[in-house]
């Protein structure tokens, strides 16, 4: 099971993730509604601090393809995570322009039809979320009919990762607010999440 820590915005956040040995680090770009938002020119100085073993992920919400392309050309990331209303046509346009880009698409899970949309997505990986930053779980019982690998997000903390892994067997987990204290990334919580994932992976 892979671990992604999302919403990194400070050099100390990068230090925590490097120490923890996460698999992926997420950067929310050009989305002003998020308190974790970075402007495009702030991304590269942070991704350059990442350990070579950690893949940076650019997180976007209904962003213009030109912005993503410009950052891609500057080697800020090779993975994008889409959190808006991006449809399969948008994903295919990204792929045509950037054939080596890995594309993840997040879905707000409320009903069985949302699970079907995940299964029909043209993205390389889908993310099952509660609602983008709410810090709460969605109804995990909806995942029973999921027939493709997925990343689980929404309401995860070091205390419930093991339950999520046992019940849902996700390909990966994506944590942001669950490893924060007072709105800032917490080193102790990030290390605890990483240790939990390592422990579970050793059991496989």
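The values are calculated or read from the model by the stated rules, or taken from the named source; none is laboratory data. What you are looking at is a predicted structure, and each value in this text was computed from that prediction instead of being measured. Glycine gets a Cβ as well: all are built from the backbone with ideal geometry, and neighbour counts include every protein chain shown.
General observations
- Residue 107 vs. criteria crowded, with 18+ Cβ neighbours inside 10 Å, free of Cβ contacts under 8 Å to residues at least 24 places away in the same chain and either more than 22 Å from residue 174 (Cα to Cα) or under 13 Å from the mean Cα position of the chain (by Cα) (or both): yes
- Qualifying position, being surrounded by fewer than 16 Cβ atoms within 10 Å (Cβ to Cβ), free of Cβ contacts under 8 Å to residues at least 60 places away in the same chain, under 18 Å from residue 6 (Cβ atoms) and in contact with a strand residue (DSSP E or B) (Cβ under 8 Å, 6 or more places away or on another chain), among 78, 130: 78
- As for segment 18-29, it holds at least one residue that is buried (at least 20 other Cβ atoms within 10 Å of the Cβ) and more than 20 Å from residue 190 (Cβ to Cβ).
- Number of the exception - residue 62 against (1) under 25 Å from residue 191 (Cβ atoms); (2) touching a residue at least 12 places away in the same chain (Cβ under 8 Å); (3) surrounded by fewer than 20 Cβ atoms within 10 Å (Cβ to Cβ): (1)
- Candidates 94, 101: the one that is in contact with a strand residue (DSSP E or B) (Cβ under 7 Å, 6 or more places away or on another chain), modelled with pLDDT of 95 or more, farther than 30 Å from residue 201 by Cβ and surrounded by 13 or more Cβ atoms within 10 Å (Cβ to Cβ) is 94.
- Enumeration of residues in segment 91-103 that are under 16 Å from residue 76 (Cα atoms), out of contact with any helix residue (DSSP H, G or I) (no Cβ under 7 Å at 6 or more places or on another chain) and in contact (Cβ under 8 Å) with a residue 24 or more places away in the chain: 102
- Which numbered condition residue 116 misses (of (1) under 16 Å from residue 1 (Cβ atoms); (2) at pLDDT below 95; (3) surrounded by fewer than 16 Cβ atoms within 10 Å (Cβ to Cβ)): (1)
- Odd one out for residue 152 among (1) at pLDDT 90 or above; (2) exposed (fewer than 12 other Cβ atoms within 10 Å of the Cβ); (3) within 14 Å of residue 108 (Cα to Cα): (2)
- Every residue from segment 1-36 that is at pLDDT 95 or above, out of contact with any helix residue (DSSP H, G or I) (no Cβ under 9 Å at 6 or more places or on another chain) and over 17 Å from residue 158 (Cα atoms): 18, 26, 28
- Screening residue 47 against (1) buried (at least 17 other Cβ atoms within 10 Å of the Cβ); (2) under 21 Å from residue 184 (Cβ atoms); (3) touching a residue at least 40 places away in the same chain (Cβ under 8 Å) leaves a single unmet condition, (3).
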